[in-house]
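What follows is a short report on a single structure.
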Amino acid sequence: MQQINEIKKNIMKLCAIPSVQAPALPGMPFGKDVNDALLFTLNLANEMGFETINYDGYVGEVIFKGEENEQTMGILCHLDVVKAGRLQDWKHPPFEPTEEDGKIYARGTLDDKGPAICVLHMLKELKDEGFKPKKTIKLILGCNEESGWACMKHYEKVAKMPDFGFSPDGNFPVIYAEKGIFHPQFHFECDKSIVICGGEMPNMVCDYAYAIAPIDEKLCEKYGLKINGEKIESFGVSAHGSTPNKGKNAISPLLKYLIELGMVDKSVHEKLFDDCFKLKEVSDESGFLTMSPNVISAKEGKLDIIVDFRYPCTLPADFIEKASEKIAPYTLIGNHQLPLYNSKDSFLIKTLLKVYNEETGSNEEAMAIGGGTYARALPIGAAFGPEFPGEDAPVHEPNEYITIKNIERMCVIYKKTIKELTE
């Protein structure tokens, strides 16, 4: 591929920007680093000859005008990333992109900066080849996908969402269904003398938590906890909230310790980790319900725990709300993201699947996931790559990477897909 070195260079430049959401600044609703990532990508698109629009720092748009303009096709990516987590778990600094053994290591390489750059370069390649799309193509660059979707809410206020499209922020061959996502912060009581803190974001398995509480060396050893001065520390392994089984939650052993000391009621662990209500037995064609308690805090007798629920796509929206009411009083964090469901026989799903199978020589079937993508912001949308079948992609984990081979493969797939959906 002629452009591969340029694509690699731009992925690495973009991933060097630590675009984790930070406090708002004037004209920068998600902080300076996220804004820098948006400006970098829009400037790159301008240099390629595309018209761009910056919607108040919330979201950007790259426009490839069609000949008929009756319909628009959207490609929705995001430029914000989750926090890196514990730096000692990374083999290379997470915001110093490093190419090694056919891979580029950095936070955001796979989720979702790498795919965004690949799509942008494929749009340029099509334009340079003289391709004239009948439908206008809009590459939409969100800045708040990981923590609230305020970017999409703003876009819907100031612009018109494309009629259909895809988001390169899931899996190949194509995602026809996405589970619902619900983040309640449950409110419990605990001993007034303890302080607890742990977890980075609702959609990341907690890899570190600590408590300031009475120290019992034997109990710490029993639960694998470390004593660090006045802190009792628990270490886990981060993973995406939709696949908590791939990680190791640091909150559970810390709660068990505090329960055994009589400082937290045992029902907290029974409800959130032992699944006493058997919620994780609920399933449909999109898979089983998952629940991952990912953020914990306690002070002055108030214990708050945010849980990441991913529930099957055919369940009614109030199922998870009623189930949460049984657990404890709660406050909803962010939005209740309703499930996404497309018929496997729809034009969009059949086209995406056909392109993937043709280009890879495969015979794969459409699939469902627990992750949530921008696809559900579209009237008709689906997640389409970048993760390939059979590969264990470290999304939201330490040592996130993208392979050079997969960059080349996805570029070919996205280029043909864009042509087939718009010619």
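Which of the strands (runs of 3 or more DSSP E) contained wholly in region 39-85 include at least 1 residues that are within 14 Å of L139 (Cα to Cα) and without any contact (Cβ under 8 Å) to a residue 12 or more places away in the chain?
51-55
Taking the criterion of being within 31 Å of the chain's Cα centre (by Cα), assigned to a loop (DSSP other than H, G, I, E, B) and crowded, with 21+ Cβ neighbours inside 10 Å, would at least one residue in region 206-222 satisfy it? Full working, then the answer.
Applying the first criterion (within 31 Å of the chain's Cα centre (by Cα)) to region 206-222 yields 206-211.
Those still in the list that are assigned to a loop (DSSP other than H, G, I, E, B) too: 206-207.
Narrowing further to those that are crowded, with 21+ Cβ neighbours inside 10 Å: 206-207.
Yes - at least one qualifying residue is present in region 206-222.
So which residues in region 396-420 are in contact (Cβ under 8 Å) with a residue 40 or more places away in the chain and out of contact with any Gly (no Cβ under 8 Å at 6 or more places or on another chain), if there are any at all? Steps first, please.
First, pick out the residues of region 396-420 that are in contact (Cβ under 8 Å) with a residue 40 or more places away in the chain: 396-405, 407-420.
Those that are in contact (Cβ under 8 Å) with a residue 40 or more places away in the chain and out of contact with any Gly (no Cβ under 8 Å at 6 or more places or on another chain): N399, Y401, E408, R409, C411, V412, K415, K416, T417, I418, K419, E420.
How many residues does region 265-292 hold that are among the hydroxyl-bearing types (S, T, Y) and within 15 Å of K326 (Cβ to Cβ)? Show your work before the answer.
So in region 265-292, the residues among the hydroxyl-bearing types (S, T, Y) come out as 267, 283, 286, 290, 292.
The next check asks that each one be within 15 Å of K326 (Cβ to Cβ); those that pass are 267.
Counting residues in region 265-292 that are among the hydroxyl-bearing types (S, T, Y) and within 15 Å of K326 (Cβ to Cβ) gives 1.
Spot the failing condition for V158; the list is (1) within 30 Å of K344 (Cβ to Cβ); (2) not assigned by TED's automatic domain parsing to the domain that holds E300, and only one is missed.
(1)
If you check G130, G108, which single one turns out to be free of Cβ contacts under 8 Å to residues at least 12 places away in the same chain, over 30 Å from I327 (Cβ atoms), outside any helix (DSSP H, G or I) and in the same structural domain as K354 (by TED's automatic domain parsing)? Steps first, please.
Working: G108 fails: free of Cβ contacts under 8 Å to residues at least 12 places away in the same chain.
Step by step, each of G130, G108 is checked, and only G130 is free of Cβ contacts under 8 Å to residues at least 12 places away in the same chain, over 30 Å from I327 (Cβ atoms), outside any helix (DSSP H, G or I) and in the same structural domain as K354 (by TED's automatic domain parsing).
Just checking, how many residues over region 180-201 are modelled with pLDDT of 95 or more, assigned to a loop (DSSP other than H, G, I, E, B) and not hydroxyl-bearing (S, T, Y)?
Total meeting the criteria: 5.
Are any residues in region 347-381 closer than 20 Å to I137 by Cα, not hydrophobic (A, V, I, L, M, F, W, C) and not in a helix (DSSP H, G or I), and if so, which ones?
T373, P379, G381
Can you name the number of the only condition in (1) within 27 Å of F347 (Cα to Cα); (2) at pLDDT 95 or above that G170 fails?
(2)
Taking F166, is it closer than 23 Å to S292 by Cβ, within 16 Å of the chain's Cα centre (by Cα) and of a type in the set (F, W, Y)?
no
Those residues that are within 14 Å of A177 (Cα to Cα), at pLDDT below 95 and either under 23 Å from the mean Cα position of the chain (by Cα) or among the aliphatic types (A, V, I, L, M) (or both), I need them from region 316-361; list them, please.
Q337, L338, P339, L340, Y341, N342
Quick one: in region 387-406, of everything that is part of a loop (DSSP other than H, G, I, E, B) and within 15 Å of the chain's Cα centre (by Cα), which residue is surrounded by the most Cβ atoms within 10 Å (Cβ to Cβ)?
H396
Evaluate the following for A298: is it touching a helix residue (DSSP H, G or I) at 6+ places or on another chain (Cβ under 6 Å), crowded, with 16+ Cβ neighbours inside 10 Å and not in a helix (DSSP H, G or I)?
Details: touching a helix residue (DSSP H, G or I) at 6+ places or on another chain (Cβ under 6 Å): no; crowded, with 16+ Cβ neighbours inside 10 Å: yes; not in a helix (DSSP H, G or I): yes.
No.
If the requirement is being part of a strand (DSSP E or B) and among the β-branched types (V, I, T), which of these qualifies: V307, V268?
V307
On the basis of being of a type in the set (S, T, Y) and part of a loop (DSSP other than H, G, I, E, B), does S234 make the cut?
Against the criterion (of a type in the set (S, T, Y) and part of a loop (DSSP other than H, G, I, E, B)), S234 does not qualify.
Can you tell me which of H92, H121 is crowded, with 22+ Cβ neighbours inside 10 Å and modelled with pLDDT of 95 or more?
Numbers: H92 fails: crowded, with 22+ Cβ neighbours inside 10 Å.
Of H92, H121, the one residue that is crowded, with 22+ Cβ neighbours inside 10 Å and modelled with pLDDT of 95 or more is H121.
Pick out the one residue from N249, N144 that is modelled with pLDDT of 95 or more, over 30 Å from E359 (Cβ atoms), buried (at least 17 other Cβ atoms within 10 Å of the Cβ) and in the same structural domain as Y414 (by TED's automatic domain parsing). Steps first, answer last, please.
Numbers: N249 fails: in the same structural domain as Y414 (by TED's automatic domain parsing).
Every option except N144 fails the conditions.
Out of curiosity, is C313 within 19 Å of the chain's Cα centre (by Cα) and more than 20 Å from A239 (Cα to Cα)?
Details: within 19 Å of the chain's Cα centre (by Cα): yes; more than 20 Å from A239 (Cα to Cα): yes.
So C313 fits the description; yes.
The values are calculated or read from the model by the stated rules, or taken from the named source; none is laboratory data. None of these values were measured; they are calculated from a predicted model. So basically every Cβ, Gly included, is an ideal-geometry build from the backbone, and we count neighbours across all protein chains shown.
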